[in-house]
1. For the stretch 230-275, which strands (runs of 3 or more DSSP E) that fit wholly inside it have 2 or more residues that are closer than 23 Å to GLY307 by Cα and of a type in the set (Lys, Arg)?
2. State all residues of the stretch 334-353 that are part of a strand (DSSP E or B), under 16 Å from LEU296 (Cβ atoms) and polar (S, T, N, Q); if no residue qualifies, say none.
3. What number of residues within the stretch 88-125 satisfy the criterion of being crowded, with 18+ Cβ neighbours inside 10 Å and farther than 30 Å from THR337 by Cα?
4. Tell me which of these LEU155 doesn't satisfy, since it passes every other one: (1) touching a strand residue (DSSP E or B) at 6+ places or on another chain (Cβ under 7 Å); (2) without any contact (Cβ under 8 Å) to a residue 24 or more places away in the chain.
5. For the stretch 195-225, name all the residues that are in a loop (DSSP other than H, G, I, E, B) and either of a type in the set (Ser, Thr, Tyr) or touching a Cys at 6+ places or on another chain (Cβ under 7 Å) (or both).
6. Tally time: how many residues in the stretch 170-187 are part of a strand (DSSP E or B) and in contact (Cβ under 8 Å) with a residue 24 or more places away in the chain?
7. Looking at the structure I just gave you, is TYR190 surrounded by 15 or more Cβ atoms within 10 Å (Cβ to Cβ), part of a strand (DSSP E or B), in contact with a strand residue (DSSP E or B) (Cβ under 6 Å, 6 or more places away or on another chain) and not acidic (Asp, Glu)?
8. Tell me which residues, restricted to the stretch 65-122, are closer than 19 Å to ASN346 by Cβ and of a type in the set (Gly, Ala, Ser).
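The values are calculated or read from the model by the stated rules, or taken from the named source; none is laboratory data. No experiment lies behind these values; they were computed from the predicted model shown. Cβ placement follows ideal geometry from the backbone for every residue including glycine, while neighbour counts extend to all protein chains displayed.
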Amino acid sequence: MMHRTLALALCLAASNTAWAQTKPDSAATADDDFSAYGDADAPATSYCTQKVLYLTPTRLFSFGYEAQGPFTMKTTREAANDADVSQTTDVSSLRGFRFQTNTPVISRNNIILNVGLSYWNSTFDMAAAPAAGDDDLTGRLRSRGLRTGGLQATLFKPLDNKHFIIAQAQADVSGNYLGFNELTGQQLTYSGTAIYGWKPSDNLMYGFGLTRTYRAGQVLHIPVILFNRTFNPRWGIEAIVPARAAVRYNFSPSSMLLAGYEIEGNAFFLPGAGAGPDLWLRRGELKPRIGYEQKLAGFVWLAVQAGVRYNWRFAAFDTQNGGDKDLKDNQGRIFNTDMGLPFYANVSLNLVSP
């Protein structure tokens, strides 16, 4: 009997001890300041993206070919004594391959960095000129053509879900070189763009900034405007003015038609040989065009363009970045050209981003 009583007493004691340990302290609970505590999982900061609905897909890899039709080119060698010498050459075609990559090396919701390579060449199919030589612009173009290769990096930095910054830098080597052993610092040009922008919705993003560019053939420091707008699933505008702009019509998410223009160009170094002077050819082309892009399979797209090539600038100087014409100080134009208005076509196979 005593053993049973002792066991019961021990059980009651243990029960009271456990209750005392788990019973809430009402005074401590009443005095606790819950405002000092945050959520266990704080909401993540949201950022805007670099895409607009129904926009043409971003090209990660592009391989294409472009050809311009026949045109005439009148080349004038300017002289300080006004004894200019001109010759007219028939160009049966101007053609070349184009290659470009655009690879994301950092891709997070708060920063995107793409790095890429580009290359394109131009072969001039010309009739033989009466007086060809290394001191003749057309002779250099006929024998070696033109080419440019570049390295570029583009940074998209969203600041929040409405504002962003785009920064782009590019270095190109442009000239009539035929191999890596002919590359020099005189062929090097630098370009760059910085834009501050807004993205109020998935159908609109716009921004304003400044650019250093050689697209018109000579170095320019000018304002730039970004405007990507989708009005509805069919119509939209894609523009980075003044470089390019287009009105877009979407037949479907996998096919679209574009009508607009693009300015292309650079300053090309053409070294002299013998008595011929070194030249920097400032080449800028304005291309009004119509383009069609079609998804073939998966992330592979076909793009076709057709339009005309307007000769914005095609003149040779004795400096890369000098005055437009200053023969007195030997800083000016040596050759000037007047070129016809040919049709051109471009076709490319592209691997695009998801």
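1. Fully inside the stretch 230-275 and qualifying: 244-252.
2. The answer is SER348, ASN350.
3. 4
4. (2)
5. Within the stretch 195-225, TYR214 is the sole residue that qualifies.
6. Pass one, the stretch 170-187, residues part of a strand (DSSP E or B): 170-175.
Retained after the next criterion (residues that are in contact (Cβ under 8 Å) with a residue 24 or more places away in the chain): 172-175.
Selection size over the stretch 170-187: 4.
7. No: the conditions fail for TYR190.
8. ALA67, GLY69, SER92, SER93, GLY96, GLY116, SER118, SER122
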